[in-house]
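Just so you know, all these numbers are worked out from the coordinates, no wet-lab data involved. Computed from a predicted model, the values in this text were never measured in an experiment. Positions of Cβ are generated from backbone atoms using ideal geometry, with glycine treated the same way; all protein chains shown enter the neighbour counts.
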Amino acid sequence: MISRINSAVMNGLSVILTEVEVGFSRGIPGITIVGLPDNAVNESRERIRFAIKNSGFDYPISSKIVINLSPADIRKEGSSLDLPIAVGILKNKSELQSDIFEDFLFCGELNLNGELKPINGVLNAAIFAREKGFRGIVVPYKNGNEASFVKEIDVFAFKTLNEVMAFILSPDSCKKFKHKSKKSDRLKHRIDFSEIKGQYLAKRVLEIAAAGFHNVLMVGPPGSGKSMISKAMPSILPNMTDDEVLETSLIYSAAGLLNNNNSLVTSRPFRSPHHTISDVGISGGGRYPVPGEISLAHNGVLFLDELPYFKKSALEVLRQPLEDGEITISRSLTSYTYPAKFMLIAAMNPCEDSIGVKSNSFYTCTEAQKRAYYSKISKPLLDRIDLQIEMKKVNIDEITSNIPAESSFAVKERIVEARNIQLDRFRGMKNKIFANGQMSNKEIKKFCTLDKESETLLKLAVEKLDLSARSYFKVLKIARTIADLKASDAIDRDHIQEALQYRALDLFNL
C-alpha cells in the first residue's frame with residue numbers, strides 16, 4: 001500500500017506542491033528518502049521516528065520505509081515536511097482512509113516529543129492552498145494566526161502529532177482555528193517630524209524623496225540628527241495598499257517573522273542593518289534560503305548608517321534591486337527571486353578624521369579629507385542616489401526653540417497628493433513605474449520639459465558647476481518632484497534652483 005499526503009515547500013516566495021508518498025517493503029529496517037531532499041529533510045528520519053514513538057503510536061520498526069518527495073527534480077529544503085511524512089507513515093501502517101488526505105495540505109516541523117514547531121512561509125502556503133482548490137491546511141498552532149488571514153479555506157492548527165491524528169480520525173470534533181486580531185508594534189514608527197528640532201533642509205529633502213521615491217545620501221557630523229530624521233521617514237510615506245500589505249507580509253512569512261503575536265505587515269518597513277552585515281544578510285539566501293534585508297525593506301525604507309564602513313561587496317549587492325526592484329539568488333540546483341523595491345537612505349560622516357567630525361562646524365574637514373572619504377563609496381551605487389545633502393549640527397537656539405514644527409501628518413498630505421499626480425502621469429506605462437525617481441532618461445525627456453528661462457538656468461549651472469550628464473538628468477527628476485509637490489504642471493526656475501541644492505557631492509566630481 002502506498003499512502004499519499006499533500007504538502008508544500010518554499011522556492012523563494014513561490015510555493016511548490018509536494019506529494020509525500022510513503023511505502024513499506026521487506027528489507028533492512030529503516031527510512032530512505034528520495035526526491036532531492038536536503039540535509040534537513042534527510043535528518044528528519046530520526047526526528048520523525050522519535051516523534052511517532054513518543055506520541056504513543058507504534059512505529060513500524062521491522063519494515064523498510066521508502067519516502068518519495070514528488071516532483072523529484074526540485075530540491076526540497078527545510079523542516080516543513082516532518083508532519084506529512086509522519087502522517088504518511090501512520091496512515092500506511094494503520095491503513096487509514098479519509099478525504100482529509102486529499103483535501104488538505106499538511107505542513108509542520110516535529111520535535112522528538114511529537115510537538116509541532118512553527119515553520120516559515122505558512123502565509124504563502126495558505127494562499128497557495130486556496131489557489132489550488134484545497135479545502136484547507138493543517139499547520140502548527142503557532143502558525144495558525146498567520147494562516148487564518150487567508151479566507152475561503154479551513155485552517156486547523158495543532159500543538160502535537162496526537163492532535164493531528166485525532167483530527168484525521170474525527171474531523172468534525174475539531175474546531176477550525178479562529179483568527180485572533182492582535183496589534184503588533186514591530187513595524188510601528190513613533191518618531192514624528194514635529195519632534196525633530198531644526199534640520200529644515202534635511203526634512204525638506206526627505207519630503208521630496210518620499211514624494212518622488214528618490215534615494216537619499218546625508219552627509220554630516222555625529223549628532224546632527226541623520227539617524228533620527230531617517231527613522232521618521234516611514235511616518236510621511238503614503239499608506240500601504242492592500243497589494244503592498246500582502247506582498248510585504250509574504251516576505252516576512254518566508255523569513256519566519258510572522259507568528260501568532262504579529263499581524264500582517266501594514267506599516268512601511270524600516271530596516272537598519274549594521275555595517276558589519278554580510279553579503280548574504282543583505283541579499284538573502286543562506287543554507288536554507290530566506291529573504292535578506294533588502295527584501296525585508298520591500299515597500300519601505302532601507303537605512304544604511306556609516307555607509308563607507310559597509311563592505312564593498314555588500315554594497316554592490318544593492319545595484320540590481322535598486323535598478324530592477326528585485327534580487328535573484330543563484331545556487332547550484334536552482335535560483336530564487338525575492339522582491340526588493342525600497343527607498344535607500346544612506347548616511348555618513350563628512351570625513352574619517354576624528355578631529356574633523358567632532359567639531360560643531362561641518363567644514364573643519366578639508367576638501368582633500370572629504371574627497372578621500374567620499375571616494376570609498378561605490379560609484380555605481382552613488383549613480384543610483386538622486387538626493388545628496390550636507391548637514392550641520394543643530395545649534396542651541398533651535399534645540400530650545402518653542403516654535404512648533406510641522407507634523408508628519410501635514411507633510412504626508414502633500415506627499416500623497418504628489419504621488420497621485422505621478423500615478424496619473426505614469427498610468428499605462430509598460431515598465432510599470434509609479435514615481436519620478438524611477439524614470440529613465442527617455443522618460444525624463446518626455447515628462448521633464450523646461451521653459452526657456454529654466455533651461456537657460458540649468459545649462460548655466462551645468463557649465464559653472466561642471467556637472468555630469470548623470471547629474472543633469474537627476475536635477476530634472478528632482479525638479480519634477482518639487483513641481484508635483486506644488487501641484488505645478490510645468491517645471492519653473494524656482495524648482496530648478498531648489499533641485500540644484502540637493503546634489504552636494506557633484507562638487508567633488510564623484
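Taking θ as phi - 60° and the Karplus parameters 6.51, -1.76 and 1.60, the scalar couplings of the range 158-170 work out to 10, 9, 9, 5, 4, 5, 5, 5, 5, 5, 5, 6, 9 Hz in sequence order, x denoting glycine and proline. Amide H contacts for residue 11 (H built 1.01 Å from N in the peptide plane; partners 5 or more residues away or on another chain; cut-off under 5 Å): 16. Using a cutoff of 8 angstrom between alpha carbon atoms and counting only pairs six or more residues apart, the relative contact order for the chain works out to 13 percent.
Output the 0 to 90 degree angle, nearest 10, between the alpha-carbon long axis of helix 242-254 and the longest principal axis computed from the alpha carbons of the chain. That works out to roughly 60 degrees. With 32 Å as the limit, the listed pairs 76/151; 142/432; 93/117 have 142/432 beyond it between alpha carbons.
Each Lys and Arg Cβ is given +1 and each Asp and Glu Cβ -1; about its Cα centre, the range 199-358 then shows a dipole of about 320 debye. Based on the alpha-carbon gyration tensor of the chain and its eigenvalue square roots a ≥ b ≥ c, which shape applies: rounded if a/c is under 1.5, prolate if not and a/b is larger than b/c, or oblate? Here the chain falls in the prolate category. Loop-located GluC sites (Glu not before Pro) in the range 52-114 (DSSP state other than H, G, I, E, B) with a sparse environment of at most 12 neighbouring Cβ atoms within 10 Å: 95. Taking a straight Cα-Cα cut-off under 19 Å and skipping sequence neighbours fewer than 8 places away in the same chain, the lysines within cross-link reach of residue 412 are 188, 197, 203, 231, 486. Could you tell me which residue out of 421, 97, 22 lies farthest along the dipole of the chain toward its positive end? Charges go on the beta carbon: Lys and Arg +1, Asp and Glu -1, centred on the Cα centre. Most positive-ward Cα: 22.
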